[in-house]
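Notes follow once the structure below has been shown.
The values are calculated or read from the model by the stated rules, or taken from the named source; none is laboratory data. All values reported here derive from a predicted model rather than from experimental measurement. Neighbour counts run over all protein chains shown; Cβ positions are idealised from the backbone, glycine included.
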Amino acid sequence: MSDSKGASFTVQFTGRKFTWFTKQGERSGKAQVLVDGRPDAVVDTYTADEIWGVGIYTKEFPAAGPHTVTISVLGEPGGPPGYSLGAEVYLDGIRIE
């Protein structure tokens, strides 16, 4: 877990599908996802309830191959303005198929 802007993790793999599992909660924030070096999504991990093991982001490729996924903390609170109490982003797990 981190709430520091710029903190990140990178996964290099060979496969056709990538899923990131996270914890959502009231202190959760936003993260940017880069796929093979290109921006793919901004993911908001906020929810009012604390929920572990949420498959929050999935990327499926047309064919199996080598890929790199980087998820970076944006340091921004999630949810509607004023709802989130923090900017935390969690890595609960990764699934490669």
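Identify the residue in the stretch 75-97 that is touching a Lys or Arg at 6+ places or on another chain (Cβ under 9 Å) and of a type in the set (Gly, Ala, Ser) and, among all such residues, is nearest to Gln12 (Cα to Cα).
Across the stretch 75-97, the extreme among qualifying residues is Gly75.
Going through the stretch 26-47 one residue at a time, which ones are of a type in the set (Gly, Ala, Ser), over 18 Å from Met1 (Cα atoms) and touching a residue at least 24 places away in the same chain (Cβ under 8 Å)? Can you show your working first?
To start, the set of residues in the stretch 26-47 that are of a type in the set (Gly, Ala, Ser) comprises 28-29, 31, 37, 41.
Subsequent filtering for residues that are over 18 Å from Met1 (Cα atoms) retains 37, 41.
Listed by number, the list holds a single entry, Gly37.
So, in the stretch 1-51, how many residues would count as being modelled with pLDDT under 95 and touching a Leu at 6+ places or on another chain (Cβ under 6 Å)?
0
Can you give me the number of residues within the stretch 15-25 that are surrounded by fewer than 17 Cβ atoms within 10 Å (Cβ to Cβ) and free of Cβ contacts under 8 Å to residues at least 60 places away in the same chain?
Selection size over the stretch 15-25: 0.
Looking at the structure I just gave you, is Val89 free of Cβ contacts under 8 Å to residues at least 40 places away in the same chain and within 12 Å of the chain's Cα centre (by Cα)?
For Val89, the condition - free of Cβ contacts under 8 Å to residues at least 40 places away in the same chain and within 12 Å of the chain's Cα centre (by Cα) - is not met.
Of all strands (runs of 3 or more DSSP E) completely enclosed by the stretch 27-97, which ones contain at least 3 residues that are touching a Ser or Thr at 6+ places or on another chain (Cβ under 7 Å) and surrounded by 14 or more Cβ atoms within 10 Å (Cβ to Cβ)? Walk me through it before giving the result.
Numbers: elements: 29-35, 38-44, 51-77, 93-96.
Because the criterion is at least 3 residues that are touching a Ser or Thr at 6+ places or on another chain (Cβ under 7 Å) and surrounded by 14 or more Cβ atoms within 10 Å (Cβ to Cβ), the strands (runs of 3 or more DSSP E) in the stretch 27-97 that meet it are 29-35, 51-77.
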